[in-house]
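First up is the structure itself, then whatever we jot down about it.
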Amino acid sequence: MQKKYIQLGNEEVLKGTHLLAVFKVIPYGKTDLLDAASEIAAESSNGSNIEVNTATEFSDSMGGVVYKVEEDKGLVYIAYPWRMFDRAGNVQNIVTFLAGNVFGMSSLAGLKLLDISFPPDMLENYDGSSYTIDEMRKYLNAYDRPILGTIVKPKIGLKSAEYADVCYNFWAGGGDFVKNDEPQADQDFAPFTETVDLVKEAMDKAETETGQTKVHSFNVSAADFDTMIERADYVQKIMKPDSYAFLVDGITAGWTAVQTIRRRYPDVYLHFHRAGHGAFTREENPIGFSVLVLTKLARLAGASGIHTGTSGIGKMSGSQGEDVTSANSALGKITKGHFFEQDWGDLKKTNPIISGGMNPVLLRPFIEAIGHTDFIITMGAGVHSHPDGTKAGAAAVVQACTAWKQDISIEEYSKNYPELARAIEFFNAHETQAHKVEKN
Ligand code: CAP
Ligand code: MG
């Protein structure tokens, strides 16, 4: 045990000088929890497995402090002096410390970072969101309801003109927001610039026909930052201000990619797609971090919105508690499931993006699960599998939302709206949680 990292009952670390973290720890074999805690604190801050002769009084002050443990739950609380982190507002650096080497420690069978809290002085170094859902609502004139979106499906394989046609049909059916699916990038059958050009034409046509403004979220994730910037600049050249968002695959492209786009394009909605997060966040994974931690880090990095799960209502794993907690954390609403209260200071909110197996039938259940409508919802197959096509699928989503706003059941409301009626019949017939398998 590295005793200097164990300071149970230390209250000084709770007075605004330390980042606080809580881990669920499963030591191997008979390793004592406190012993494991000291090794985690060392490896995630200034130490290693053995004390070194090169340490100084100041370097010692940069050590993590185990200030509390809950033996029965395997919980270890560690405080980190916030000055140890890169002062240039670098989220990647926080993750490298707290979710880096420690995940590989041979003495641990499990290590899950469950929650994190940033002191006010530390928050001042971080960007937070600049263009929020509030700006998007203003542009779309969409208030007191979710922003209604889709993901163009099939996930890959449409030519540029076919892609733009799907966008047009969704927007013509009344939808607000279309996103690239997370792997759509610059494929030879749908070159990025050609797709942008045709999406612009589709958007102009749909706006003229509907009298409504529309938004498209373009995936600018790429092999290198220069290419990301080149793609983002092209979108900015072709599209009207406010009519586009930039999507970044935050897990696979990385935190530096997210923050590069945030810092170069502060007037654009930054859409954090979290493909790959399951490797870290699934509740059955003993090693990783929670959706709550991911969401808080995304807010620190300046994501305007991040996918936060469907509370077990859609196709992806996730629970009502976990997903709603992280969604409301993104908005700064303190709900149960937090270990720490987080005062976000001046950092603007990050909105939940709700996606994954959603369809018009599931809209009201989700709104009731999360308790508000300050989110973007995107339905992929839930729109494009509608028996009468994408435009009808979009109309069904809009009708389901109107039914909710008027507090009328979709069954009742659909008596005068055939697109919604067909959607109800179709999605009730298809086990909308078909991806749900009985977890044994
Ligand atoms: C949803 C989706 C999203 C997932 C990501 C997909 O499509 O496009 O990427 O929602 O999950 O590829 O599955 P569907 P999460 O609407 O057709 O399911 O939002 O949980 O990160
Ligand atoms: Mg997707």
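The values are calculated or read from the model by the stated rules, or taken from the named source; none is laboratory data. Just so we're clear, the structure is a prediction, and the values are computed from it rather than from any experiment. Here the Cβ is made from the backbone with ideal geometry for all residues, glycine too, and neighbour counts use every protein chain on show. What goes into the accessible areas is simple: the full protein's heavy atoms, side chains included, and nothing from ligands, DNA or RNA. Shrake-Rupley method; radii C 1.70, N 1.55, O 1.52, S 1.80 Å.
Compute the long axis of helix 225-238 from its Cα atoms, compare it with the longest principal axis of the Cα atoms of the chain, and write down the angle in degrees, 0 to 90, nearest 10.
Approximately 30 degrees, to the nearest 10.
When you count, for each residue, the other Cβ atoms within 10 Å and take the mean per peptide, how do 272-280, 49-57 rank with the highest first? Don't skip to the answer; put the middle values down first.
Values: 272-280: 19.8, 49-57: 8.3.
Order by mean packing, descending: 272-280, 49-57.
Do any of Lys30/Lys296; Lys155/Lys405; Lys4/Lys348; Lys24/Lys349; Lys333/Lys415; Lys205/Lys315 go past 29 Å between their Cα atoms, and which?
Working: Lys30/Lys296 34 Å; Lys155/Lys405 31 Å; Lys4/Lys348 38 Å; Lys24/Lys349 27 Å; Lys333/Lys415 37 Å; Lys205/Lys315 33 Å.
Beyond 29 Å between Cα atoms: Lys30/Lys296; Lys155/Lys405; Lys4/Lys348; Lys333/Lys415; Lys205/Lys315.
Give me the angle, in degrees from 0 to 90, between the Cα long axis of helix 33-43 and the longest principal axis of the Cα atoms of the chain, rounded to the nearest 10.
Roughly 80 degrees between the two axes.
Under 1.5 on a/c is rounded, so check that first for segment 3-123, then, if it is not, pick prolate when a/b is larger than b/c and oblate when it is not; a ≥ b ≥ c are the square roots of the alpha carbon gyration tensor eigenvalues. Could you put the intermediate results ahead of the total?
Numbers: a/c = 1.44, a/b = 1.30, b/c = 1.11.
It is rounded, given that a/c, with a ≥ b ≥ c, falls under 1.5.
Work out from phi, with θ = phi - 60° and the Karplus expression 6.51 cos²θ - 1.76 cosθ + 1.60, the ³J(HN,Hα) of each residue of segment 380-385, listed in order in whole Hz, and give x for Gly and Pro.
My calculation for segment 380-385 gives x, 4, x, 10, 7, 9 Hz in order.
Could you go through segment 324-333 in sequence order and give the Karplus-derived ³J(HN,Hα) for each residue, using 6.51 cos²θ - 1.76 cosθ + 1.60 with θ = phi - 60°, rounded to whole Hz, and x for Gly and Pro?
Per residue, the Karplus-derived 3J(HN,Hα) values read 5, 4, 6, 4, 6, 5, 4, 8, x, 8 Hz.
Scan around Phe289 for amide H atoms under 5 Å from its own, H built in the peptide plane at 1.01 Å from N, and keep only partners 5 or more places away or cross-chain.
Placed amide hydrogens put Leu113, Thr281 under 5 Å from Phe289.
As a test question: what accessible area, to the nearest 10 Å², does His338 have when a 1.4 Å probe is rolled over all protein chains in place?
About 40 Å², ignoring ligands and nucleic acids.
Cα gyration tensor of segment 78-165, axes a ≥ b ≥ c as square roots of the eigenvalues: rounded (a/c below 1.5), prolate (a/b > b/c) or oblate?
Values: a/c = 2.82, a/b = 1.62, b/c = 1.74.
Oblate.
Looking at the square roots a ≥ b ≥ c of the eigenvalues of the Cα gyration tensor of the chain, which shape do they give, rounded for a/c under 1.5, prolate if a/b is larger than b/c, or oblate? Please report the intermediate quantities before stating the final value.
Values: a/c = 2.29, a/b = 1.77, b/c = 1.30.
Prolate, because a/c is 1.5 or more and a/b exceeds b/c.
Separation between the Asn285 and Glu51 pseudo-spin-labels, each 7 Å from Cα along Cα→Cβ, expressed in nm?
It works out to 3.6 nm between the two label points.
Using a 1.4 angstrom probe and counting only protein chains, how large is the accessible area of Thr96 in Å², to 10?
Here the residue's solvent-accessible area equals roughly 80 Å².
Provide the net charge surrounding Leu75, with neighbours chosen by a C-beta distance below 13 Å and charges set as Lys +1, Arg +1, Asp -1, Glu -1. Let's see the in-between values first.
Numbers: positive: Lys24, Lys68, Lys73, Lys112; negative: Glu70, Glu71, Asp72, Asp115.
Neighbour charge sum, excluding Leu75 itself: 0.
Mind ranking Asp35, Asp144 by accessible surface for me, highest first, 1.4 Å probe? All intermediate terms of the calculation are to be shown ahead of the outcome.
Details: Asp35 45, Asp144 115 Å².
Listed by decreasing accessible area, they come as Asp144, Asp35.
Where in segment 141-217 are there chymotrypsin sites (Phe, Trp or Tyr not before Pro) that are in a DSSP coil and have at most 13 other Cβ atoms within 10 angstrom of their Cβ?
Numbers: sites: Tyr143, Tyr163, Tyr168, Phe170, Trp171, Phe177, Phe189, Phe192; in loops: Tyr143, Phe189.
Those that pass, being in a loop and sparsely packed, are Tyr143, Phe189.
Could you give the accessible area per residue of segment 73-195, probe 1.4 Å, as a whole number in Å²? Don't jump to the answer; show the numbers that get you there.
Details: 4470 Å² over 123 residues.
Solvent-accessible surface per residue comes out at 36 Å².
Residues with amide H under 5 Å of Ser129's amide H, sequence separation 5 or more or different chain, H placed in the peptide plane at 1.01 Å from N; which?
When sequence neighbours closer than 5 places are left aside, the close amide H contacts are Gly302, Lys348.
Check Lys179: other-chain or 5+ apart residues with amide H under 5 Å from its amide H, H built from backbone geometry?
Thr150, Ile151, Val152, Ser217
Could you look at the chain and say what percent of its accessible area is carbon and sulfur, using a 1.4 Å probe and all protein chains? Provide the component values of the computation, followed by the final result.
Working: 9280 of 18340 Å².
So the carbon and sulfur contribution to the accessible surface is 51 percent.
What is the packing order of peptides 404-413, 343-352, 38-47, taking the mean over residues of other C-beta atoms within 10 Å and listing the highest first?
Numbers: 404-413: 13.3, 343-352: 19.4, 38-47: 23.6.
Most protected by this proxy first, the peptides run 38-47, 343-352, 404-413.
Express in whole angstrom the spacing between the alpha-carbon centres of segment 317-394 and segment 42-108.
33
Give me the angle, in degrees from 0 to 90, between the Cα long axis of helix 291-301 and the longest principal axis of the Cα atoms of the chain, rounded to the nearest 10.
90
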